Every structure is written in C-alpha cells, then in structure tokens.
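Note sheet for the following structure.
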Amino acid sequence: MSDWRSTASLYNLEQRAQLLNQSRSFFSERNVLEVETPLACAYTVTEANIESFGFFADGAQRYLQTSPEYAMKRLLADGAPDIFQICKSFRVGELGDLHNPEFTIIEWYRREYSLQQIMEETVDLISCLLTASDAFINIEYISYYDLAEKSLGVSLQSLTGNEIKQLAVENGLVLRADLSSQQCIDFLFSHKVEFAMCEQSITVVFHYPAAQAALSKINDDDDSVAERFEVFYKGVELANGYVELLDPEQQLDRFANDQKNRKDRGLTEIEIDQRLIAALRQGLPECAGVAVGFDRVLMLALGASSLAEVISFDWSRA
C-alpha cells in the first residue's frame, strides 16, 4: 500500500508554507486583523449549487462551513475592523484537478471599500503570490456582459429568454423544460465565454447579472447588474467578491428564493441562518469582501496541473 504518502512533493509543501506566510504579511502590512471563526456551524448556505457536509453532534445539526463569510460578517456587525482569515472550507461533490472537497481559502473584508478598490486589492494579492512563476502579469478588467459579447458576438441583454435558450442549444446545451434563461446564461458563460479570456492576463470580470448577485448589493446606477466580481487566470477561477448587501429584508428574500430553487430541484431543505440576518439588522457596515482559492493560486504559481500536487493529502488519501 502506497497511498499513505503525500500527494505533494516536499518542495511544493515548502512553497505552500512560504506563500501562506506571504499572504499573512500582505494583510499585516495593511493593518488587516487576522481572525478565526468556527469550521462546524449550526447553519450553512442555502444556495442550490452548493452542497454542505452535515452531521449531528451533541444532539444538534451541524455543517462544515463552505466559506467563513457569514461568521465574518457577524464579526463586522459586532464592531470588528478590517479582517481576514486563512482557513479550510468544505463542499460536497467538488472533486477533480481543480476541486477538492476540503480546500483552503483566503477571505477578507474591507470597510467602506468600493468595487474598484476591492478588485484592485484582490489583484494585488494574487499577483504577489503568482510572481513565483511570472515576473509580470497583465491585468484586464471587463464587465460580464462585455466579455459575453466579445465571445458570443451578440449582446445577451438584447436577447429574449427564448433567444438565450436557443443560443445555449447552439453552443452545446441539452435543453430541459425546467431550465431558466439564467441557467442558460450560466452555461454559456462557463462553456463558451470563459474561453475568450486571455490566458496570459489576470482577468477581472465584474458587474455580474443581478440574478447572480448572491450576497452582493445591486449597482446603484444599473439595477440589471450586481456589485460582484470574479478573477480568472489561465482559465482558472481564483476569486469571488462583492460589495456587500446590507439590507436584511433583501437578503431574506434571496435566501427564500434559494430555498425555492432547492425545493424545485428536489434538494434537501436548508434553514436560513437567522444569526446572519440578526447581524444585518444590527447593522453591517459598508464593506466589500472577497474569497481567494489559495490552493488554486499555489497550483498556478508552481506550474502544477492539479490541486493534489500542492496539498499534503488529497481527498483520496485523506
């Protein structure tokens, strides 16, 4: 039996330690406080596309966190300053070269940051960590709909729902009656649009459709888009961030919609995190936050082809 051995080389483990230290130095130099929040929580995310590991302990339901977002926002509502965290997160069914059910993320929140400010800081961190393999990396900022038009040759915002579905079919989607226009747009973006990005540039895609707002606020000047962004490099998604939604009632409505989506898909019902809602009602300060997939950044920095090469034991050997 040889599966007791690490999936990562000693060199890669040494580089991992170095980049973790570099990440902490990045935030220390900016006076961002490091915090820790629970890995096992009473609540989890309601989003239909994410499944959590659940278990019972001491007679109560618990979940391994998919992100420390909810707990970190509770700290902000309770008076915490700018904060960051490097921690493990967990998601069921995410397994492959770019996925491991247990993974490491860097998540942070900046009070009174604009979308542009949080995007630029995210690029600064990722560029800093990637310089182990690239002396200079070009940066491209492009809106979601502009990137889609660049790739597809048509404005998604000008199409009807049926036209969007037809375009998705033309690009390989096997259409089902229950698929919404937004799900067809998601398919087009993941299977077609993302390939239009320059692999030699860090690409920051911003102003996602309002239907994909998640926990971000809607843009003040255009209610069809959200103050949300993602960062890609060499075809790999590295970060997902928002200017945060502050309104507890809007957030409740979005969670309720998530629950409906889960029910429609036959998924397990997930209870809404009332502690997060209570924190929002107390008052979340104006802020922006982002999560960076540390394992993926390290993989690209080292020129590795899978996450298994940069973590001590992947899912098959854990």
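The values are calculated or read from the model by the stated rules, or taken from the named source; none is laboratory data. Quantities reported herein were computed from a predicted structural model and do not represent experimental measurements. Note that each Cβ is placed from the backbone with ideal geometry, even for glycine, and that neighbours are counted across all protein chains shown. SASA here: full protein model, heavy atoms, side chains in, ligands and nucleic acids out. Shrake-Rupley method; radii C 1.70, N 1.55, O 1.52, S 1.80 Å.
The residue that is surrounded by the fewest Cβ atoms within 10 Å (Cβ to Cβ), counting only those in segment 86-123 that are within 17 Å of residue 236 (Cα to Cα) and of a type in the set (D, E, K, R), is 97.
Table: residues versus (1) in contact (Cβ under 8 Å) with a residue 24 or more places away in the chain; (2) touching a helix residue (DSSP H, G or I) at 6+ places or on another chain (Cβ under 8 Å).
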site	(1), (2)
149	no, yes
152	yes, yes
160	no, no
174	no, no
179	no, yes
188	yes, yes
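When each of 225, 204, 243 is tested for being in contact with a strand residue (DSSP E or B) (Cβ under 9 Å, 6 or more places away or on another chain), over 22 Å from residue 124 (Cα atoms) and buried (at least 18 other Cβ atoms within 10 Å of the Cβ), the lone residue that passes is 225.
Looking at segment 20-35 only, could you name the residues that are surrounded by fewer than 16 Cβ atoms within 10 Å (Cβ to Cβ) and under 24 Å from residue 74 (Cβ atoms)?
24, 28, 30, 31, 33, 34
A single entry from 14, 69 fulfils the requirement of being open to solvent by 50 Å² or more (accessible area, probe 1.4 Å) and not basic (Lys, Arg): 14. Only residues that are open to solvent by 10 Å² or more (accessible area, probe 1.4 Å), farther than 16 Å from residue 51 by Cα and either within 19 Å of the chain's Cα centre (by Cα) or touching a residue at least 60 places away in the same chain (Cβ under 8 Å) (or both) were counted across segment 247-279, and they come to 4.
Taking segment 234-307 as the region of interest, the helices (runs of 4 or more DSSP H) fully inside it that hold 2 or more residues being over 23 Å from residue 207 (Cα atoms) and aliphatic (A, V, I, L, M) are 274-283, 294-301.
For every residue, the table says whether it meets (1) in contact with a helix residue (DSSP H, G or I) (Cβ under 6 Å, 6 or more places away or on another chain); (2) closer than 30 Å to residue 97 by Cα; (3) of a type in the set (Lys, Arg).
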| position | (1), (2), (3) |
| --- | --- |
| 206 | no, yes, no |
| 218 | yes, no, no |
| 221 | no, no, no |
| 246 | no, no, no |
| 249 | no, no, no |
| 271 | no, no, no |
| 274 | no, no, no |
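Here's the yes/no breakdown for (1) out of contact with any strand residue (DSSP E or B) (no Cβ under 9 Å at 6 or more places or on another chain); (2) more than 13 Å from residue 298 (Cβ to Cβ):
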| position | (1), (2) |
| --- | --- |
| 3 | yes, yes |
| 8 | yes, no |
| 20 | no, no |
| 25 | yes, yes |
| 33 | no, yes |
